[in-house]
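First the structure, in the form of structure tokens, and then the observations on it.
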Amino acid sequence: MDVSLIDWSRAQFALTAMYHWVFVPLTLGLGLLMCIYSTYYYKTGDEKWKSTTRFWQKLFAINFAVGIATGLILEFEFGTNWSNYSYFVGDIFGAPLAIEGIVAFFIEATFFAVVFFGWDRVSKKFHLASTWIAVFGATLSAWWILVANSWMQYPVGMHFNPETARNEMNDFIAVAFSPVAVNKFLHTVLSCWVLGSAFVVGLSSWYLLKKKHIDFSIRSIKIAAIVGLTATVLTALTGHYSGQKVARHQPMKLAAMEGLYNGKNKADIVGFGVLKSDKVYNDGKDPFVFKVDVPIPGFLSFMSFDDFNSFVPGIQDIIDGYTLSDGTVYPSYEEKAAQGKLAQQALRNYRQAMKDNDEEAKIINKAVLDENIKYFGYGFFNSPEETIPPVALTFYTFHIMVALGLFFIAFFAIVWYLNKKGTLQKVKWLLWLGVISIPLAYITSQSGWIVAEVGRQPWSIQDVLPLSHSVSNIPVANVKTTFFIFLGIFTIFLIADIGIMINTIRKGPEAVDESKGY
């Protein structure tokens, strides 16, 4: 397979996913805040809460529409650029995507109209219920998308059918509610609430700096700071559980996240460090130019396995084979590759036996295939280096995400406290920090996705199918052309989105009572 075809296909999918992820987290984050503001309006009847709700609803709607457009293109790319992948596991991967389109999207689309066009046309109670249901539908949509993504990281609930040479689902519940999927959903949606809260606090801070819409801004921050603080703490907690899942099911990703080449008991977490660019996994050299560990001995071991003394494998251990502290033995790359090649040869023999109507050969080769299917994907590799993800990118984005996550815990706590005391308006540096927190929230969110997706390379499906054998066999020129077409279209979307939002922000919330600050 042409390497440039794989790289351009990856680049195109990454481009689409990253643009899509500009709009989605803000939609989910603003959605929850919009529901809370609307609930306050329903309970108090205060028109100011109605004005607050309607303002944030406008920004929610802009992102909602553009997010759908970019998301649809992502799903089509599975067919155009990743047809081998779609053939191999389409029966499994397609199910959550289909449910997302039929159920979740139907719910949000139906009640979306009531939310935006139902003001003063339906009862307050029905309007409030519609708002919560529409946001629930959007969140449910995220659930099924993340189920599909999680299955790629932790493939369960399936069996391989040699008759069709495809993986087929045999346990829907295992796919839909795998521990990886549940944790990824919670971690991702909570991070969206953090971003939405940072957006509301940041924009409200801008109004306060300009001495405009004072009451509206304080009112908005009052809720957003609490939601942001709560969501950030819970995001950190689910991030811990996510790290434990990665340690068990994707140890190579965890090793890349920490720049860990040689494993150890009582492993420390790197607080800050710079990696050497010429590091080779088995050269025995220190991978860091310099680094500063978090001053808690064995913290990485604890975060990975709830035990400060447990063994955390590094990249070389994973290639050479290792044994965890609980006695679980993991084979070396050579052993996995040998089993993978046996499985692939058995599949070829089985398929030939089908053509020859040789039932005995089918039974023999089916047994060999079943025995070695666990490492089927390793049979595609030619060297252990091919199984190592881009370490530097995974390491840096992981540490940026964690550092900014800690920043947001402190930021929301201080904003909430000063806003409660009524002194937030006087702290100009904090208001400016609030404005800056908007791009910081996006950097945090995008970094999280880079860690998740780059860290699992070279796999499209963990241990089952590498990217090199997932891509469509099409001319690379076609992929390059569509890459730049999508780049142009998405950039236009983004410019239009930002332009409409700036125009809406300039107009500000609807006036209710000038004497009360609007």
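Rounded to the nearest 10 degrees, the inclination of helix 359-372 to the longest alpha-carbon principal axis of the chain is 50 degrees. Per residue, the chain reaches -24000 deg cm²/dmol at 222 nm when only DSSP H runs of four or more residues are counted, each adding -39500 (n - 2.57). Computing FRET efficiency as 1/(1 + (r/R0)^6) for residue 392 and residue 510, where r is the C-beta to C-beta distance and R0 is 45 Å, gives about 0.40. The alpha carbon radius of gyration of the range 1-78, expressed as a multiple of 2.2 N^0.38 Å, is 1.59. What translational diffusion coefficient, in µm²/s and rounded to a whole number, does the Stokes-Einstein relation yield for the chain at 4 °C and a viscosity of 1.567 mPa s, taking the hydrodynamic radius as the Kirkwood radius over Cα pairs? The diffusion coefficient I find is 52 µm²/s. Computed from Cα atoms, the angle from the helix 83-99 axis to the main principal axis of the chain rounds to 40 degrees.
The C-alpha radius of gyration of the range 230-321, expressed as a fraction of 2.2 N^0.38 Å, stands at 1.09.
Just report the Cα centroid separation between the range 392-449 and the range 296-347, whole Å. When both Cα centres are located, 36 Å separates them.
Each Cα pair of the range 89-178 feeds into the Kirkwood radius, which the Stokes-Einstein equation turns, at 37 °C and 0.692 mPa s, into a diffusion coefficient of 224 µm²/s. The accessible area of residue 272, taken with all protein chains in place and a 1.4 Å probe, comes to roughly 120 Å². Binning the C-alpha pair distances of the range 1-135 at 10 Å intervals from 0 yields a P(r) profile of 11, 34, 26, 16, 9, 3, 0 %, listed from the shortest bin outward.
In whole Å, how far is the Cα centre of the range 165-236 from that of the range 12-50? Centre-to-centre distance over Cα atoms comes out at 9 Å. Using only alpha carbons, the range 137-219 has a radius of gyration to Kirkwood radius ratio (Rg to Rh) of 1.32. Think of each Lys and Arg Cβ as +1 and each Asp and Glu Cβ as -1; about the Cα centre, that makes the dipole of the chain roughly 2640 debye.
Placing dummy labels 7 Å off each Cα toward the beta-carbon, the span from residue 46 to residue 443 is 3.5 nm. All Cα-Cα distances of the range 343-493, cut into 10 Å bins from zero to the largest, leave 9, 19, 23, 18, 14, 9, 5, 2, 0 percent in each bin in turn. Given R0 = 22 Å, the distance between the Cβ atoms of residue 163 and residue 368 translates into a calculated FRET efficiency of 0.90.
Taking all protein chains as they are arranged and a probe of 1.4 Å, the heavy atoms of residue 323 leave approximately 70 Å² accessible to solvent. For q values of 0.14, 0.20 Å⁻¹, compute log₁₀ I(q)/I(0) with the Debye formula on a Cα-only model of the range 99-258, without solvent. Reported log10 I(q)/I(0), two decimals: -0.93, -1.26. Using only the alpha-carbon atoms, how far is helix 476-507 inclined from the longest principal axis of the chain? Give it as 0 to 90 degrees, nearest 10. Approximately 20 degrees, to the nearest ten. A straight chain from residue 4 to residue 214 at 0.36 nm per residue would run longer than the Cα-Cα distance by 70.2 nm. For the Cα trace of the range 271-339, dividing Rg by the Kirkwood Rh returns an Rg/Rh value of 1.03. Here the accessible area of the chain is 65 percent carbon and sulfur, with a 1.4 angstrom probe and all protein chains present. Ordering 221, 145, 192 by the projection of their Cα atoms onto the charge dipole of the range 96-231, which places +1 on the Cβ of Lys and Arg and -1 on the Cβ of Asp and Glu, puts 221 at the extreme positive end.
Cross-link check: pairs 341/480; 279/374; 245/279; 43/426; 285/374; 58/210 evaluated at a Cα-Cα cut-off of 23 Å; pairs beyond the cut-off: 341/480; 279/374; 245/279; 43/426; 285/374. A Stokes-Einstein calculation at 10 °C with viscosity 1.306 mPa s, built on the Kirkwood radius of the range 420-474 over Cα pairs, returns a diffusion coefficient of 107 µm²/s. Between residue 382 and residue 113, the contour length at 0.36 nm per residue exceeds the Cα-Cα span by 91.4 nm. Measuring nothing but how far apart in sequence close Cα pairs (under 8 Å, 6+ apart) lie, relative to its length, the chain scores a relative contact order of 21 percent. Using the Cβ-Cβ distance between residue 272 and residue 126 with R0 = 56 Å, the FRET efficiency computed as 1/(1 + (r/R0)^6) comes to roughly 0.60. Counting only protein heavy atoms and a 1.4 Å probe, the chain has 44 square angstrom of accessible area per residue. Directionally averaged projected area (the range 304-374, Cα convex hull): 5.8 nm². The Rg/Rh ratio of the range 48-100, with Rg taken over Cα atoms and Rh as the Kirkwood radius over Cα pairs, comes to 1.28.
The values are calculated or read from the model by the stated rules, or taken from the named source; none is laboratory data. As the structure is a prediction and not an experimental result, all values here were calculated from the model. Cβ: placed from backbone, ideal geometry, glycine included. Neighbour counts: every protein chain shown. To get the accessible areas, we keep the full protein, side chains included, count just its heavy atoms, and leave off ligands, DNA and RNA. Shrake-Rupley method; radii C 1.70, N 1.55, O 1.52, S 1.80 Å.
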